[in-house]
Amino acid sequence: MKIQWYPGHMAKAKREVREKLKQIDVVIEIVDARTPLSSRNPTIDELVQQKPRLVLLNKADLADPELTKQWLRYFESEYSQSLVVDAQRGEGIKQIPGKVRELASPLLEKWKRKGINPRALRTLILGIPNVGKSTVINKLAGKKIANIGDKPGVTKRQQWIKVGKEMELLDTPGILWPKFEDAQVGYRLALTGAVKEEIFDFQDTIVFFLNFMKEAYPDLLKKRYDLETLPEDVIQLFDDIGKRRGCLVPGGIIDYDRVAEIVFRDFRHGKFGPVTLEQPKKI
Ligand code: G4P
């Protein structure tokens with residue numbers, strides 16, 4: 001699979017995040033609940049270091065609830081606080097300030113000991129593209145924040161948004177790049193929209209996806225395409241779906257590009273039902 005990424009852009013994005021982090025008390029990292037590990041920047045721990053961190057498992061409405069529970073436990077054991085969120089509908093958003101406060105309690109105690117008047121806790125939303133950073137910011141702000149620069153290098157004057165009395169949020173998120181450590185990570189990112197459609201091969205991605213679905217969610221796959229059984233061979237599966245969906249070119253040959261496109265859109269629009277593309281590693 002051909003995915004291009006530019007080390008120069010990545011380094012710049014990292015520098016920008018590092019700069020923002022200097023002003024921050026608590027980091028809010030967003031991951032995609034359908035693919036929580038692949039949708040992280042692998043260098044994030046080194047970037048954020050010891051700063052208290054809340055991990056949001058966003059797009060929970062699209063993810064398998066049973067696996068989301070397991071992922072929640074995984075992130076809680078790694079970073080102490082995590083929340084399941086559906087930012088589009090605003091679910092889980094109200095719990096964020098309380099969690100931020102809990103995470104910052106050592107800092108609040110330190111201020112108290114030193115006789116410093118507590119100020120609002122400063123937070124930054126961090127994550128790779130398309131995980132829902134802007135949606136979460138808008139929900140927390142209670143309004144649409146204009147011009148959230150979603151590209152590294154798009155700079156604007158930063159402002160603090162008040163979230164209740166005790167929390168402030170930087171109005172521009174920190175954007176990190178995903179890293180394609182192996183092809184599977186790339187496929188998951190392609191499926192969930194973190195990398196642009198033009199830079200990956202539909203058919204390769206869909207072969208990966210159909211093989212995954214056959215193993216992990218065979219019933220959802222059968223139901224979606226009205227198939228009684230699933231063939232061993234993935235090409236046969238392309239044929240079966242193609243016939244069901246009328247993807248034939250003259251001569252009765254299956255148009256595989258069209259099949260891949262249909263399966264891809266179905267996944268992107270949640271038509272299979274809740275699906276999670278990876279399971280927590282054994283901790
Ligand atoms: P970003 O700033 O991290 O890049 O992400 P952004 O908030 O722009 O969200 C990316 C897409 O994901 C948006 O859809 C947004 O509506 C959707 N989204 C965000 N949070 C949730 C959620 O909890 N559940 C669901 N189902 N969707 C969510 P979009 O603009 O239509 O883009 P796309 O979906 O076509 O990629």
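The values are calculated or read from the model by the stated rules, or taken from the named source; none is laboratory data. This one's a predicted model, so the numbers in the text were calculated from it and none came from an experiment. All Cβ positions, even for glycine, are placed from backbone atoms using ideal geometry, and neighbour counts span all protein chains on display. All accessible areas refer to the heavy atoms of the entire protein, side chains included, with ligands and DNA or RNA removed. Shrake-Rupley method; radii C 1.70, N 1.55, O 1.52, S 1.80 Å.
At-a-glance table
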quantity: Matching residues in the range 49-64 - criterion: being outside any strand (DSSP E or B) and surrounded by 21 or more Cβ atoms within 10 Å (Cβ to Cβ); calculated: PRO52, LYS59, ALA60, LEU62, ALA63, ASP64
quantity: Boolean, ARG101 is basic (Lys, Arg), more than 16 Å from the ligand (Cβ to nearest atom) and in a helix (DSSP H, G or I); calculated: yes
quantity: Subset tally (residues that are open to solvent by 20 Å² or more (accessible area, probe 1.4 Å) and within 19 Å of HIS269 (Cβ to Cβ)) for the range 203-215; calculated: 2
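This table checks each residue for (1) open to solvent by 40 Å² or more (accessible area, probe 1.4 Å); (2) in a loop (DSSP other than H, G, I, E, B); (3) within 16 Å of the ligand (Cβ to nearest atom).
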site	(1), (2), (3)
GLU66	yes, no, no
TRP71	no, no, yes
LEU83	no, no, yes
PRO97	yes, no, no
LEU108	no, no, no
PRO118	yes, yes, no
ARG122	yes, no, no
LEU126	no, no, yes
PRO129	no, yes, yes
